[in-house]
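**Q** Quick one: this structure, given as structure tokens, is what I'll be asking you about.
The values are calculated or read from the model by the stated rules, or taken from the named source; none is laboratory data. Remember, it's a predicted structure, so these values are computed and weren't measured experimentally. Using ideal geometry, Cβ is built from the backbone for each residue, glycine included, and neighbour counts are taken over all protein chains shown.
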Amino acid sequence: MAHILAAAEPLALLMKRPLPQTDGYGYGDDHISTDVVKPTKACHRESDPAAALAAAPHVFGEYGGVNMSIEASATFTVMEPDTMRRLFAGEMGPEGDDMYIYSRHFNPTVLALSRQIAVLEGTEAAYCTASGMSAISSVLMQLVGAGGHVVASRCLYGGTHALLSSFLPRTSGVSTTFVDADDEAAVRAAVRPGETKVVYVETMSNPTLAVADIPMLARVAHEAGAKLVVDNTFTPVVVSPARLGADVVVHSVSKFISGGADIIAGVICGSASLVNSLMDLQDGALMLLGPTMNAKVAAELSGRLPHLPLRMQEHSRRAAEFATRMRRLGLRVTYPGLPEHPHQDRLRRLGNPGYGAGGMLCLDMGTEARANRLMHHLQNTTQFGLMAVSLGYCETLMSCSGNSTSSEIAPEDRARAGISPGLIRVSVGYTGTLEQRWTQFERALALVQQETPGKHHKMMFVKPSALEI
Ligand SMILES: Cc1ncc(COP(=O)(O)O)c(C=O)c1O
């Protein structure tokens, strides 16, 4: 059906034409910015996400504004009736013609943001959605189809785990084999050539912070004729899965990419043909399920992308420092930048230089009760951070994964995935000074120790190399 973003034109996808081009009806001829924005290959050559973003054409507003315009329309006019037929037949569209139908299909502002995220992730194309879950569910439904098979890491965000273990089996007959994604033999044994459509992992697993061996997983998936889909929510800029062999990269944009904890959004990054298929009028999951991003939200998010690399650097710097200090105190801390983390070398090899090991760390307090006491003091007594799910905010956010974002996973599966009941997932923020925040952390920890006499925190020390992650 309507093939609107031609795969043969990947560079065009990176170019924003902010103005309606003239289609013979007088639109756009005299406009200031039409010639300013040119397609460029530069962003494809750059492997550093910040450099790629900077090499991409700047998206000007309709009147030459430094920020993109917001195309808030749900629907779009045509000047001749036959243009409508041609749009629906896929003979005209956003690329080349700058023609749009309706904002559940492509919207110019959402497409402009999507192009920027495609540049960031190094994919041909991308399209933004209303949430991370809608990005994940749409792309899985598109790629897998009824009765298909998925191989997935056993440690995934609880919502994704529930989608694969209950919702998709019930609604589509899709079955999933959950494996230790670090075990190549186990992944190879689980994939069924011809039947397995998708291998699914998170770059850095939620909440255990295992780093996926993306090149290995891509090899195994491709040999079996499957696609590798990677959720890069924890590590935008830090790791670029598509540059390592992933076919599709999804994000909960609600997290680090947004950074504001005020927007729920998602994105699917991949080939132009994938985006076309998702938007197909007859058969596209985005077009037919309709998890549409609002243009106003897209413009808001576009203003946050330029400082994403800087934010990630500071999240990483502080998380690395806190993890090191917590370890020195004898706490049971998991952070992929620590030397004893089994994937430290892998992350160094696969990660983009200069962005550290990400802003997430895990602290295992042994029991849920101790985890709760510590979080209570960290929020209510010393103001180190906030008890809240989600991540990527300027303030530190803490949650006990077992009873919150991983609670959808059955207790025995949580245990196998290494999610202990006392595990606190910490998204390290960057407000205040680092020393101020550390003092707040130490004060809260001391209060927990006073409340449980005889249980000095050093007693919780477990040789980090023995940690299951
Ligand atoms: C790794 C990961 N992927 C996906 C999601 C879902 O994203 P959203 O809440 O934007 O739907 C979340 C959290 O909510 C997450 O942590």
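Conditions tested, residue by residue: (1) part of a helix (DSSP H, G or I); (2) exposed (fewer than 14 other Cβ atoms within 10 Å of the Cβ); (3) modelled with pLDDT under 95.
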residue: T40; (1), (2), (3): no, no, yes
residue: C43; (1), (2), (3): yes, no, yes
residue: A50; (1), (2), (3): yes, no, no
residue: M68; (1), (2), (3): no, no, no
residue: A72; (1), (2), (3): no, yes, no
residue: V78; (1), (2), (3): no, no, no
residue: D82; (1), (2), (3): yes, yes, no
residue: R86; (1), (2), (3): yes, no, no
residue: H105; (1), (2), (3): no, no, no
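**Q** While we're here: Filter the stretch 116-135 down to residues that are surrounded by fewer than 24 Cβ atoms within 10 Å (Cβ to Cβ) and part of a loop (DSSP other than H, G, I, E, B) and give me whichever is nearest to the ligand (Cβ to nearest atom).
**A** For the stretch 116-135, the residue satisfying everything is S131.
**Q** For the stretch 277-300, how many residues meet the condition of being hydrophobic (A, V, I, L, M, F, W, C) and touching a Gly at 6+ places or on another chain (Cβ under 9 Å)?
**A** Qualifying residue count, the stretch 277-300: 3.
**Q** A further question follows. Only one of (1) buried (at least 23 other Cβ atoms within 10 Å of the Cβ); (2) more than 25 Å from G358 (Cα to Cα) fails for D98. Which number is that?
**A** Failing condition for D98: (1).
**Q** Quick check on L310: is it in a helix (DSSP H, G or I), modelled with pLDDT of 95 or more and touching a Pro at 6+ places or on another chain (Cβ under 7 Å)?
**A** no
Yes/no per residue for (1) within 30 Å of C400 (Cβ to Cβ); (2) among the hydroxyl-bearing types (S, T, Y); (3) within 19 Å of the chain's Cα centre (by Cα):
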{"site": "A152", "(1), (2), (3)": "yes, no, yes"}
{"site": "L168", "(1), (2), (3)": "yes, no, no"}
{"site": "E184", "(1), (2), (3)": "no, no, no"}
{"site": "R192", "(1), (2), (3)": "no, no, no"}
{"site": "V198", "(1), (2), (3)": "no, no, yes"}
{"site": "R219", "(1), (2), (3)": "no, no, no"}
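**Q** When the residues of the stretch 378-418 are filtered to those that are without any contact (Cβ under 8 Å) to a residue 40 or more places away in the chain and farther than 28 Å from G432 by Cβ, which remaining residue is surrounded by the fewest Cβ atoms within 10 Å (Cβ to Cβ)?
**A** E412
**Q** Okay, moving on. Residues being crowded, with 19+ Cβ neighbours inside 10 Å and away from the ligand (no atom under 16 Å from the Cβ): count how many of those fall in the stretch 272-300.
**A** 12
**Q** A further question follows. In this structure, does L113 turn out to be of a type outside the set (S, T, Y), within 16 Å of the ligand (Cβ to nearest atom), surrounded by 20 or more Cβ atoms within 10 Å (Cβ to Cβ) and not assigned by TED's automatic domain parsing to the domain that holds F234?
**A** Criteria met by L113.
**Q** Moving on. Within the stretch 440-464, which residues are more than 19 Å from L361 (Cα to Cα) and modelled with pLDDT under 95?
**A** Q449, Q450, E451, T452, P453, G454, K455, H456, M459
**Q** Across the stretch 308-357, which residue is surrounded by the fewest Cβ atoms within 10 Å (Cβ to Cβ) among those that are touching a residue at least 40 places away in the same chain (Cβ under 8 Å) and of a type in the set (S, T, Y)?
**A** Restricting to residues being touching a residue at least 40 places away in the same chain (Cβ under 8 Å) and of a type in the set (S, T, Y), the top hit is Y355.
**Q** What residue, of M365, M375, M360, is within 19 Å of the chain's Cα centre (by Cα) and buried (at least 17 other Cβ atoms within 10 Å of the Cβ)?
**A** M360
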